[in-house]
1. Scan the stretch 535-554 residue by residue and report those that are among the polar types (S, T, N, Q), modelled with pLDDT under 95 and either closer than 20 Å to Ser494 by Cα or touching a Leu at 6+ places or on another chain (Cβ under 7 Å) (or both).
2. If you go through the stretch 126-139 one residue at a time, how many are outside any loop (DSSP other than H, G, I, E, B) and without any contact (Cβ under 8 Å) to a residue 60 or more places away in the chain?
3. Which of the numbered conditions does Asn164 fail, given that it passes all the others? Conditions: (1) touching a residue at least 12 places away in the same chain (Cβ under 8 Å); (2) more than 19 Å from Val207 (Cβ to Cβ); (3) exposed (fewer than 15 other Cβ atoms within 10 Å of the Cβ); (4) polar (S, T, N, Q).
4. Based on this model, can you work out whether Asp232 counts as in a helix (DSSP H, G or I) and touching a residue at least 60 places away in the same chain (Cβ under 8 Å)?
5. Name the single residue that is nearest to Leu247 (Cα to Cα) among those in the stretch 342-383 being out of contact with any helix residue (DSSP H, G or I) (no Cβ under 7 Å at 6 or more places or on another chain) and not in a helix (DSSP H, G or I).
6. Pairs, please: C-beta under 6 Å, at least 6 apart or cross-chain, first residue part of a helix (DSSP H, G or I) and in the stretch 267-295, second small (Gly, Ala, Ser) and modelled with pLDDT under 95?
7. Quick one: Ala558 ticks every box in (1) under 48 Å from the mean Cα position of the chain (by Cα); (2) loosely packed, with under 13 Cβ neighbours inside 10 Å except a single one, so which number is it?
8. Yes or no: the stretch 140-148 includes at least one residue that is farther than 30 Å from Lys205 by Cβ, part of a loop (DSSP other than H, G, I, E, B) and in the same structural domain as Ile180 (by TED's automatic domain parsing).
Amino acid sequence: IWDLMNTTYDKFIRTTDPMHEKKVQKIFKKLHDQGDIYKGAYKGKYCKPCESFWTESQLKDGCCPDCGRPCVDAEEEAYFFKMSKYADRLMKHIEEHPEFIQPESRKNEMVNNFLKPGLQDLCVSRTSFSWGIPVDFDPGHVVYVWLDALTNYITFCGYDPDGNHDEHYKKFWPADVHLIGKDIIRFHTIYWPIFLMALGEPLPKQVFGHPWLLVGDGKMSKSLGNVIYADDLVRLFGVDAVRYYVLHEMPFANDGVLSYELLCERINSDLANVLGNLVNRTIAMTKKYFGGIVPAPTAPEALDDELKAVALGLPAAVEKKMDTLHVADAIDEVFALLRRSNKYIDETMPWALAKDESKKERLGTVMYNLLEAIRFAAVELKPYLPDTADKIFAQLGIENKGVESLDSFDGMQAGQPVGEASILFERIDIPKKLAEIEEEKKAAEAEQKPAVEFLPDIPFDDFCKVDMTVCKVLACENVKKSSKLLKFQLDDGSGTPRQILSGIAKYYKPEELVGKTVVAVTNLPPRKMMGQESNGMLLSAEKDEKLNLLMLSDSIPAGAKLC
């Protein structure tokens, strides 16, 4: 997606890189040897999707405060990091550096919800799975996700646990700003700085918790079917239109809203009307009145001063907004110049000046000022709308000289030819476009929806021969040496537990199923599986390679029959 959206980066990092793994092992041992990591056992509430342990006080209605899903009781041997040892030092740093966590609302959340109530020591190793970086001095333990994942920000920058940092680390660390999504800000403003403190390394100068992009009034969700994909947006509207919308409509601290209708409206109002129309008619008038040659500004008037002042003030205005990460406001500064240029056209009326030969020099000055103002805007637009900026430079007939060329209002050279006028952004017929998108969506859904296949009809009497019995799961465990099978002990209402083996280990953990009410076919002949006897078959539903065990209400008693 970053490549698709013309977003450049210096390095793409995977934490499976062998170099990173070796450094993490050294970091873990260093923290252990200096007493920051100790061995213990964890017993508490655990969120499997987030891989996070929580205390009872941190749960929200018994669920994970991050993702809202249920937590389960868990206990295992683990190494812990002494978070509490550094809590006061982190609080002091936040108080002395009010810009450290931004926006302000994120800082207040971290301080009030986590630091003030007291930090719990953090689990930094696991024994219940083998994937991950091994703790080399204690086989069976692997480094838990956050100590591994967070330290990649410095290991790939050239940090060396032994102190032999390379030149990249010396140049780039500490980071001026660490930009992350607001949903993982706790890990990056509490765990991460504490890890750095323990290692004796400087903290990022600022961590910014970026807001979300919502659809309507909620988060995008595949299950709800409301996901809008970047590649679809680019195909429908072009890269720069999507970049502009996302950058401009994401407020500094609040979530933004994305919809096809709002995107169309913004393209029409800002990109087509304000920007595209200005560039197109300015180039067209230069072609018409001066044969496509940039005229000399030999007849200035007081009316020009305000336009020049807005242009010359633009670099500092954009820089000031970007210094505080007010990206949308920075773009607004550029569009303020574009709007002022459109107003300048209305004020000077070049078409009227062109009718009077005695005002030829004044007309030339007006056109020069418009071309130069557009150049200022294009230079500043380059980071936000890179393709569009390049198209504007081509229409102006110049190369981008960068912000260094914006210290004076004389970058366009009199006598040079301009390029060809072209439309930067087409106006959109919004009702027509929305109808096309809806039709395309319906066609795609119809294409993806597989036909449901049915088996041949059977006599009703044959169906009645199948004995489907409601059972309660008394016990469930993995079958040794099998990655597929779970072994169930079931209460089928007969008074004697029934053993059934089922190949659903890929989809369920044994402990999740104990106490559940399921349905079994109980009149199948016994079958040997992995040397053990299975007396029946559990009913499941399967679609798109996903399997769901059929479960009923717990109010239905064992031994009840499906009919």
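The values are calculated or read from the model by the stated rules, or taken from the named source; none is laboratory data. Everything numeric in this text was worked out from a predicted model, so none of it was measured. Here Cβ is always computed from backbone atoms with ideal geometry, including for glycine, and neighbour counts include all displayed protein chains.
1. Ser540, Ser553, listed by residue number.
2. Number of matching residues: 1.
3. Checking Asn164 against (1) touching a residue at least 12 places away in the same chain (Cβ under 8 Å); (2) more than 19 Å from Val207 (Cβ to Cβ); (3) exposed (fewer than 15 other Cβ atoms within 10 Å of the Cβ); (4) polar (S, T, N, Q), the one that fails is (1).
4. No; evaluated as a whole, the condition is false for this residue.
5. Filtering the stretch 342-383 for residues that are out of contact with any helix residue (DSSP H, G or I) (no Cβ under 7 Å at 6 or more places or on another chain) and not in a helix (DSSP H, G or I), the one nearest to Leu247 (Cα to Cα) comes out as Pro383.
6. If the second residue must be small (Gly, Ala, Ser) and modelled with pLDDT under 95, the pairs left are Asn280/Ala421; Ile283/Ala421; Ala284/Ala421.
7. (2)
8. Yes: one or more hits.
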